[in-house]
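Derivation of every value follows stated rules applied to the coordinates shown; laboratory data play no part. Being a predicted model, the structure only gives us computed values, none of them experimental. Note: ideal-geometry Cβ built from the backbone for every residue, glycine included; neighbour counts use all protein chains shown.
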Protein chains: 2
Amino acid sequence: SVNPDLASERQTASFCVEKLTALLDGGTEQTRIRRAVVEAIESDPVFSRENQYFQTQNERYEAAVKKAVHLQKKMHEMGWTENGPEYKYIYRALSGDVAFLLHRVFMRSISVLGSDKQIAKWIPLATQHKLIGSYAQTELGHGTYLQGLETTAVFDAATQEFILNTPKISAMKWWPGDMGRSATHTVVFAQLYIHGKCYGIHPFIVQIRSLQDHSLCPGITAGDIGPKMNFEHIDNGYLLLKNVRIPKENMLSKFCEVRPDGTYVRQGSQQINYFTMTTVRISLISDEVLTPLMKACTIAIRYSAVRRQSKLKPGEQEAKILDYQTQQEKLLPQLAAAYAFHFVNDYLQELFNRGYGEIQRKNFDMLPELHALSSGFKAVITQHCTAGVEICLRACGGHGYSLLSGLPSLYTKIIASCIYEGENTILLLQTARFLIKCFMAANAGQPVPPSVTYLAAVKHGKCPAKNKLDFLSPDIYTEAYQHVAVRLTSSTAAKLQDLIQSGVKKHDAWNQCTVQLVQAAKAHCHYIAVKNFAETVEKLETKAGIQKIMKHLCDLFALHGIFSNTGAFLHDGYISAAQMDMVTASYLDLLAVIRKDAVPLVDAFDFTDKSLNSALGSYDGQVYQRLYEWAQKSPTNQMSPAYERYLKPLLHNTLSKL
Amino acid sequence: SVNPDLASERQTASFCVEKLTALLDGGTEQTRIRRAVVEAIESDPVFSRENQYFQTQNERYEAAVKKAVHLQKKMHEMGWTENGPEYKYIYRALSGDVAFLLHRVFMRSISVLGSDKQIAKWIPLATQHKLIGSYAQTELGHGTYLQGLETTAVFDAATQEFILNTPKISAMKWWPGDMGRSATHTVVFAQLYIHGKCYGIHPFIVQIRSLQDHSLCPGITAGDIGPKMNFEHIDNGYLLLKNVRIPKENMLSKFCEVRPDGTYVRQGSQQINYFTMTTVRISLISDEVLTPLMKACTIAIRYSAVRRQSKLKPGEQEAKILDYQTQQEKLLPQLAAAYAFHFVNDYLQELFNRGYGEIQRKNFDMLPELHALSSGFKAVITQHCTAGVEICLRACGGHGYSLLSGLPSLYTKIIASCIYEGENTILLLQTARFLIKCFMAANAGQPVPPSVTYLAAVKHGKCPAKNKLDFLSPDIYTEAYQHVAVRLTSSTAAKLQDLIQSGVKKHDAWNQCTVQLVQAAKAHCHYIAVKNFAETVEKLETKAGIQKIMKHLCDLFALHGIFSNTGAFLHDGYISAAQMDMVTASYLDLLAVIRKDAVPLVDAFDFTDKSLNSALGSYDGQVYQRLYEWAQKSPTNQMSPAYERYLKPLLHNTLSKL
């Protein structure tokens, strides 16, 4: 039975939840397929996450391997293929809790970087799991800056081999997933040396464990890097190489080749590689970043409709915490952000599909823009969503802090997304570099990519809003965001030029501007997110109340951004103090409006109880019952040896006679 | 041997580290005592935290109990007493990783709330550990709002007993520390009923487990609430009471008594109770909040001096990440905040000692101010420090995410401080209520407590700064903070009055202002923190470079606050756009100045390697060596059954023949 406090929230929905779900999925057929996958996965006991919060790192790893192996069978049984429409829902349905994800990266890197001959040899072996692959790039002392990697691969013309070494402890490969305990092979990125000359970073296939008994191969030292904040199911590993010899054919050679005599030949373009890195950043947004935020919103908002605390009106019963303005102000902007970034993700996916088409036609013109957008949005979205999950966790008070709420595991997982696939600050600076370049070009009258044409049109006007309702006009707020993005970019470009003209060296000048460059890059992404949300709402059907509620969320997303960052808009007087008070008033009004639909808006994300795995967030809102049931299953409710060893002697005073 | 990259940072310290340590400790004698305690604890293998990051919740609990029992012996052996000068350093030296903390709260509550007779009976039993106590207040459905607690204690005049019940699942006691597995007794807070009439919340001593065999007493259901984000060493528990009868003498009766015939008598003042709650909030700031931030700063800053990444100048070696402006902008404001809040803590301690003296003299005038300050600063400091630890964690990239860095455990522990001892938003609203009240009083010409007299002096001037150096003047920035605090309080007071005058009911009007009330409360605390830091610096000796570096940190703390919240200062034009650019310039300049002393500034916190328990933060900066050594000890580097069960059959293709 559904908790009446939650049931009442659903009776007054202003829109059709099922229609919104279909919109998020991209159509009713997609919804049907997704639900079928979820149903098949969740009804299979091997994929159960029931006791996950009680498991040790070793148990998590073992379960993940078991699931990965079982998944092969399941896919065969269900007729799912890697190219089928079901495929993209499998990982989400498993909540990522499965091994061998790096095996897939291993395969992708061979497909992209390997010669036809290499692909023909390795891909079938990998597909049939006659080996387990990993991807060894990051080193103990080297991450984002790939040129700094220290692992070496020296060509030995006499034997037609490469000799691989990690010459220093900082060169040790560190973090690669699936490598700590599972992988038999890995792609090692190393500095290529031929006849004493360094040719930079290249990828090499290296066997690290025996296919017979899994023992480490000669010259290999490898193991697991130990406990992390999450990802206990993944065996992130370390790898030391000592004079490991591999045949010449193991260098992935689609783009570069070493001839038998040691001649180095570069072939084709490397640009497509960067495009691959770029697409990875985009592809992680949906499953790794948006899904956790949507889950956290679902848990925290359902809980806030059920939890009662203090009295809002004297004489009445304690109020739902969702009725407090401060609680609305914590949760509803996160909900709006989840929708905003969902639509940004659609926008980026479409842009990347278009970009991929162009690249197929050998047109690389879109690459800089795609790189800038993928870097900037990866950083902004991961940062925003991580903060959002943390807010949801804290908004649930003590119960949010219990693992059984599901929130701690969402938080400790999503925070990793701020670090992997490019550290966020470095990525934002890449975006900023693009912005500065385009700003200069635009001001010199040169053409710039579509997403930054606005930089050319620096307007010095003022915001025309006359009352608080004007701030519910997308034109008004989108232009305000645009104005701020232009201002921050142009003022930082000016500072940069001033410094250089005053004699500061270029790299020093850049470093002295980086804090402000990061702000400019964020403002650019924020502007595009707001604009895209507004445009998406504009195009929606007006039926079933969907457009109306999405418009409210779009307004909230935009006004929350202004309210949380008033200085950026007030700075040059584009928005006046009086107008800012209107923003605040409209923003606070919106909270009360959206609060009415808060539960239906998270219901539309359509998470099952099993996928939420939360004692606070279940569809029926039976929070306390579930917390109690789950806690009773905890291993900490078994007898502890601490009683016999320490407590009993203490209480019986045999120990305390000091 | 010390990593040369770290050693070089220490050679150029602008001040005497040992002198700064003494300043933080409150004198060289205190430093000596603290170090002696740390040495005694850390040299004792029972207190070792060496394998902590590899332990399960059960193992953590067992170790904490073992340490707690051993600590009794150790104190005896060392001649440490609860009233001795060493006592306050013990918990810090143990890094809190010890059981029976609630036993102390049990004792304190009896001492404060119990009659002389009760104290005479229970305190010796507790002191001698003939029982283990806990403190059962929070319920599954009830936290901050104590009046809402549902547990009942019904007086039975026939037997002269109370009958205790948790009538609904939401009434179950939930979270009390030491109760899940250890405690034999607890203080239960319950609604007192006599002859059908409710007299509100009262405390009762209830035995929950047998002193002989630790089995649960009749009518008691109790256990552990399971896994949490941290605090695995504590057995937070649940407790169901079903017709549990306790003798009348077990109601703690210093302030209220039930006569044999059921007559209820209230005695003395309850105000002292609130004072106790207030002091708890202050007392947790030092060990639970500041120490974790100081540790996180130590780890992240030492690591940033050792980690090299990318090139700052072409042709040179990769740069220390501490040399990047963006990295400085992440870490150095956290360092400044650690110092700022250390001095706030001193200020609050002194204020509370004074308050306690007044209360002893039956003068309760200071209570409202003390309550407002303790609530506000508890919220502001826990929030700020939690965010600071998270920034430190993320600033260390992938290695920060490894438990071996020590940062995840600091984060998952400190975040709890935002929730316990009063949820932060609720606490800030308590402070805001005080501010509004005082603002009204001050404007009506009535006297107000010292910390809020500034509210009476609303000035409508402008910031007089003429250039960026002016913003290094404490008068300039302290006044700016004061101006903002007054503006936010007065504008919210005005909004509140407007709403009420326009017919909105008082409680609704209050709720509609809470987002802004929270801002006002934060601004008030921030102003006091800045003012206090500036006044502290003013009073410091000018010798040994201490005052100079503290002045820089004070400036950084103040300017960071303005830079991160520009809108609040720009809103009414108190600081103009041109002045804000000066703030930014001065702020960024300061980063480069303080960066030079960053390592000595964290060295002054004087944490031993054992207390940091971090592979990234050790004094010698041998980061990579230590990560590798520690990882090798991880239980995940033992053979997993997953190989024989799943990997071998897969690789040998017995499974993959689908």
(request) Find the relative contact order for chain B and round it to a whole percent, using C-alpha pairs within less than 8 Å whose residues are 6+ positions apart. (result) 15 percent
(message) Using a 10 Å cut-off around each Cβ, can you sort B:I282, B:I299 from fewest to most neighbouring Cβ atoms?
(response) B:I282, B:I299
(request) Please work out the Cα center distance from region B:85-153 to region A:45-69, rounded to the nearest Å. (result) 38 Å
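Report the chymotrypsin sites (Phe, Trp or Tyr not before Pro) located in region B:289-368 that are in a DSSP loop and have at most 16 other Cβ atoms inside 10 Å of their Cβ, or state none.
On the way: sites: B:Y303, B:Y324, B:Y339, B:F341, B:F343, B:Y347, B:F352, B:Y356, B:F364; in loops: B:Y324, B:F364.
Here the chymotrypsin sites (Phe, Trp or Tyr not before Pro) that fit, given the DSSP loop and packing criteria, are B:F364.
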(request) For B:A592, put the label point 7 Å out on the Cα→Cβ axis and report which residues of region A:497-534 keep their amide N under 16 Å from it. (result) A:497-517
(message) Of A:T478, A:H342, A:A457, which is farthest towards the positive pole of chain A's charge dipole, taken about the Cα centre with +1 and -1 on the beta-carbons of Lys, Arg and Asp, Glu respectively?
(response) A:A457
(request) Count, for each residue of B:639-649, the Cβ atoms from other chains sitting within 10 Å of its Cβ, then give me the mean as a whole number. (result) 6
(message) Given axes a ≥ b ≥ c from the Cα gyration tensor, I'd like to know whether region B:131-267 is rounded (a/c under 1.5), prolate (a/b larger than b/c) or oblate.
(response) prolate
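Based on the Cβ-Cβ distance of A:M78 and A:S14, what FRET efficiency does E = 1/(1 + (r/R0)^6) give at R0 = 45 Å, to the nearest 0.05?
Efficiency for this residue pair is about 0.75.
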(message) From the P(r) of chain B, could you give the percentage of C-alpha pairs in the tail past 35 Å?
(response) 50 percent
(request) Quote the FRET efficiency, to the nearest 0.05, computed for A:A120 versus A:R259 with a Förster distance R0 of 25 Å and r equal to the Cβ-Cβ distance. (result) 0.75
(message) So if I take the centroid of the Cα atoms in region A:580-611 and the same for region B:277-305, what is the distance between those two points in Å?
(response) 35 Å
(request) Compute the signed sum of charges (Lys and Arg +1, Asp and Glu -1) over the other residues within less than 10 Å, Cβ to Cβ, of B:Q383. (result) +3
(message) At a 10 Å Cβ-Cβ cut-off, how would you order B:L570, B:L410, A:L367, fewest neighbours first?
(response) A:L367, B:L570, B:L410
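Note down the magnitude of the dipole of region B:131-267 about its Cα centre, charges +1 on Lys and Arg C-beta and -1 on Asp and Glu C-beta and zero elsewhere, to the nearest 20 debye. Mind dumping the intermediate values first?
Numbers: 12 positive and 12 negative charges, 52 e Å.
For region B:131-267, the charge dipole is close to 240 debye.
What are the trypsin sites (Lys or Arg not before Pro) within region B:332-415 that DSSP puts in a loop, where the Cβ has at most 13 other Cβ atoms within 10 Å? Don't jump to the answer; show the numbers that get you there.
Values: sites: B:R354, B:R361, B:K362, B:K378, B:R394, B:K413; in loops: B:R361, B:K362.
Here the sparse-neighbourhood loop sites are B:R361, B:K362.
Using only alpha carbons, build the gyration tensor for region A:378-444 and give me the equivalent ellipsoid semi-axes, biggest first, whole Å.
Values: eigenvalues 258, 26, 6 Å².
Sorted largest first and rounded, they come to 36, 11, 5 Å.
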(request) Using only atoms on other chains, find how many Cβ atoms lie within 10 Å of each Cβ of peptide A:142-152 and report the average. (result) 3
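Test of the criteria: in region B:514-589, which GluC sites (Glu not before Pro) are in a DSSP loop and have at most 11 other Cβ atoms within 10 angstrom of their Cβ?
Values: sites: B:E535, B:E538, B:E541; in loops: B:E541.
In loop regions of region B:514-589 (DSSP not H, G, I, E or B), the sparsely surrounded GluC sites (Glu not before Pro) are B:E541.
Using the Cα gyration tensor of the protein assembly as shown, with a ≥ b ≥ c the square roots of its eigenvalues, what is the shape: rounded (a/c below 1.5), prolate (a/b larger than b/c) or oblate (neither)? Can you show the working numbers first?
Details: a/c = 1.44, a/b = 1.25, b/c = 1.15.
It is rounded, given that a/c, with a ≥ b ≥ c, falls under 1.5.
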(request) Rank the residues A:R259, B:R308 as a footprinting-exposure proxy: fewest other Cβ atoms within 10 Å of their Cβ go first. (result) A:R259, B:R308
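Could you work out the local net charge near B:L6, counting Lys and Arg as +1, Asp and Glu as -1, over the other residues with Cβ closer than 9 Å to its Cβ?
Numbers: positive: B:R10, B:R302; negative: B:D5, B:E9, B:D620.
Cβ neighbours under 9 Å give a net charge of -1.
Give, in nm to one decimal, the length gained when the segment between A:S215 and A:T159 is fully stretched (0.36 nm per residue of separation minus the Cα-Cα distance). Walk me through the numbers before you get to the answer.
Numbers: separation 56, 0.36 × 56 = 20.16 nm, distance 2.54 nm.
Result for the pair: 17.6 nm of gain on full extension.
State whether region B:1-53 is rounded, prolate or oblate according to the following rule on the C-alpha gyration tensor (a ≥ b ≥ c being the square roots of its eigenvalues): a/c under 1.5 gives rounded; otherwise a/b larger than b/c gives prolate, and the remaining case gives oblate. Walk me through the numbers before you get to the answer.
On the way: a/c = 3.28, a/b = 1.24, b/c = 2.65.
The shape class here is oblate.
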